[in-house]
1. Taking 7 Å along the Cα-to-C-beta vector as the label spot, tell me the Ala531-Ala368 distance in nanometres, rounded to one decimal.
2. Determine which lysines satisfy two conditions relative to Lys86: a Cα distance under 20 Å, and not lying fewer than 8 residues away in the same chain.
3. log10 I(q)/I(0), Debye, Cα-only the stretch 166-229, no solvent, q = 0.12, 0.14, 0.21 Å⁻¹?
4. Quick one: if you stick a label point 7 Å off each Cα along the C-beta vector at Lys86 and Ala443, how many nm between them?
5. What nm value, rounded to one decimal, do you get for the distance between Lys381 and Asp343 when each label is placed 7 Å out toward the C-beta?
6. If r is the Cβ-Cβ distance from Ser310 to Lys244 and R0 is 51 Å, what FRET efficiency results, to the nearest 0.05?
7. Can you give me the Kirkwood hydrodynamic radius for the stretch 440-545, using every pair of distinct Cα atoms, in Å to one decimal?
8. What is the log10 of I(q)/I(0) for the stretch 134-185, computed with the Debye formula using one identical point scatterer on each Cα and no solvent, at q = 0.15, 0.27 Å⁻¹?
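Nothing in this text is a laboratory measurement; each read-out follows from the coordinates by a stated rule. On a predicted model such as this, the values are computed, not experimentally measured, just so you know. Using ideal geometry, Cβ is built from the backbone for each residue, glycine included, and neighbour counts are taken over all protein chains shown.
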Amino acid sequence: MRRRTFPRALVLTALLASTAFAQEPKPEATPVADATAAVQQLDATAGNQEVIDLLKAGMSPAVVIAKVKSSSSKFDTTPAALQSLKAAGATDEVILAVIEAASPKKEELAPASGKRRVTDELTTKFRELQSSVVTVWSEIGHGTGFIFDERGLVMTNQHVVGPSEYVSVQFNEKTKVPARILATDPQKDVAVLWVDLASLSGSAVAKIAKGTNEEPAVIEGERVMTIGSPLNQRKIMTTGIASKVEPHAIISDVNINHGNSGGPLFNSVGEVVGITTFGDFTKQGGPGVSGIVRIEETAQVVELAVGKMSQVERPEARLLPVDPQDKYPLNAIKDVVEAKKFDYDPYKFVEADFEVTLITPLMRYRMATEAEREAAKTKNKRNNSKDAVQGTFSTTEQFRNWAEYVGEYKPVLLVQAQPVLGESFWGAVGRGVAANYGIRTQANLRFKTDFYKMKLFCGDKVVEPIHPAKIFFLTSESNYFVRSKDATYAGFYSYPADAITEGCGTVRIELFSEKHPDKAETKTLGKKTVAKIVSDFQPYFKTRQ
C-alpha cells in the first residue's frame with residue numbers, strides 16, 4: 001500500500017508536540033470486550049492505549065477519529081508513541097487526529113496598539129532558533145549557516161564557500177565578522193567554519209538531534225522547518241513535511257530558495273536534523289522537493305574541524321563592513337532618467353587585460369534604462385508632426401512605484417573587472433595568411449587573463465570592500481565567423497559610498513590575475529573620474545546631514 005504523507009495543514013501542531021501533554025502513568029488497560037464498552041471508556045479516560053483498544057475491537061477509523069476529536073483527554077505524540085500507534089494498525093488519518101487533539105491551543109496576544117495577533121508554537125520556536133542562524137559570505141556568493149558549538153563552530157554547505165579565500169559570517173544587518181574554514185567534505189557538501197562568538201552579541205547555539213532506535217531524530221510525516229537567507233532577505237522561515245527519511249538524506253517539501261543552502265533543518269522539537277542542500281524542481285514549474293543532508297553525515301567533518309582548531313590561527317574578533325540599510329535618494333535618480341545625455345567615459349577604462357567599470361547608483365540606473373530610452377527616441381521620431389498625439393510613452397512608464405523600484409539601488413560603489421575576450425596574435429596572423437588564399441577560418445577567441453583579486457587605494461590606505469565577489473563567466477560560441485569556448489572569473493567588488501573622496505588625493509586600483517597572483521597591474525584614476533564618482537554620491541550624503 002502506498003504510504004500517504006501528512007497534510008501540512010493538519011500537522012502544524014506537531015512542532016512541539018513532544019514537549020507538551022505527556023501522558024500520566026496509569027494501570028495496564030483491561031482488554032475491551034465489545035465496541036460499546038470501548039467507546040464509553042474513551043469518553044472517560046481517553047489516551048493512546050484507549051485508541052489501541054478501539055482498533056483491536058474492530059472499530060472503523062472514522063469512528064475512532066470522531067471520538068478522538070470529541071475527547072478532552074490527553075495523548076502522547078512523541079515519535080515513539082506515534083510509531084506504537086502505527087504498529088497497532090492505526091491509519092495516518094487516526095494518527096493525525098491524535099496529533100490534533102494533543103496540540104496546545106493558540107495563544108492570543110494583545111499588543112499595546114489594541115490590535116489582536118495570534119501566535120502559536122511555530123512562532124515561538126522561530127524566535128528562539130533564529131539566533132543560531134547566520135548568513136555566510138564568500139567570494140562566489142552567499143548562503144546560510146548555523147552555530148552548532150559554543151566554541152564558535154558554524155556549519156554550512158561546502159558549495160557556499162567553494163574555493164574562496166574570503167569567508168565571513170553575518171549575524172544581523174550591522175554585524176559581520178571574519179570566518180576561517182576548518183574542514184570541508186565536497187562529496188557530502190559540508191563545511192565547518194570558525195568565528196569569534198564574542199563579536200556576535202545575542203547569538204545562540206543550535207541543538208543537534210541525537211536520534212536513537214526508540215526515538216529517531218526525525219520521522220516521516222513530521223513537521224520540519226528551516227531558517228535561511230534567500231536573495232536579499234535575512235532569516236526567513238519556511239516549513240514543510242519530512243516526506244522521506246533516507247539513510248544519508250531527508251526528502252522534504254520545505255522550500256529551499258537561493259541563499260538558503262547550508263541552513264539548518266529543524267525537527268518538530270527544534271533540534272537540527274540536517275543541512276538544507278538542494279532543490280529538485282519539476283519542469284512544469286511545480287514546487288518540487290528539497291534534499292537535506294542528514295546531520296549524522298557531518299560527524300567526520302566536525303571531528304576533523306575540532307582537531308584543526310589548535311593548529312590554525314584563531315579568527316579575528318573585528319567587525320567587517322556591511323551593506324548600508326538606507327537608500328539612494330529618489331530625486332537624484334529621476335534627474336538621471338530625464339537627462340538627455342550621459343557621459344559613460346569617466347566610469348570605464350582598460351588596464352592590461354581587464355575592462356574595468358566603476359558603477360555608482362546613477363550610472364547603474366542609466367545603463368539599466370538605456371533600452372527604454374532608445375525606444376522612446378524611435379517612437380518620438382515616428383510621431384514628430386505637429387498633429388500627432390504626444391506624450392503617450394515615458395521612459396519611466398514601467399516604474400510607477402518609484403520608492404519600491406529604487407530600493408534595490410543601494411548607496412554603494414561597485415567595481416567590475418572583466419577579463420578581455422580576444423584573439424591571440426598568431427591566431428590572427430594565421431587567419432590573415434589563410435585569407436590570402438581565399439580560405440575563411442574562424443576567429444578563435446579566448447579570455448586573455450583570469451581575475452584573482454583587486455585592491456582599491458584612497459591615498460596610501462587600502463579601502464576594505466563590503467563584499468569581494470567573483471562572478472563565473474562561461475563562453476561557448478561557434479558559428480561561421482567565431483569559435484569561443486572558455487571560462488574565467490571576473491571581479492565584482494562593492495565598496496562604501498565614501499570609498500573615494502576628494503580628500504584621497506591619489507586614487508588607484510591594483511588588479512591581480514591568477515597567473516600572476518603577486519604581481520599587480522596598477523591604474524591611477526584620472527581627476528575627471530574621481531570628480532564624477534564624488535559628485536554621484538553627493539545627493540546621498542546630503543540626506544545624511
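1. 2.8 nm
2. Lys56, Lys67, Lys69, Lys74, Lys244
3. -0.50, -0.66, -1.08
4. For the pair Lys86/Ala443, the computed spacing is 6.4 nm.
5. 2.5 nm
6. 0.80
7. It is 16.3 Å.
8. Once normalised to I(0) and log-transformed, intensities are -0.34, -1.16.
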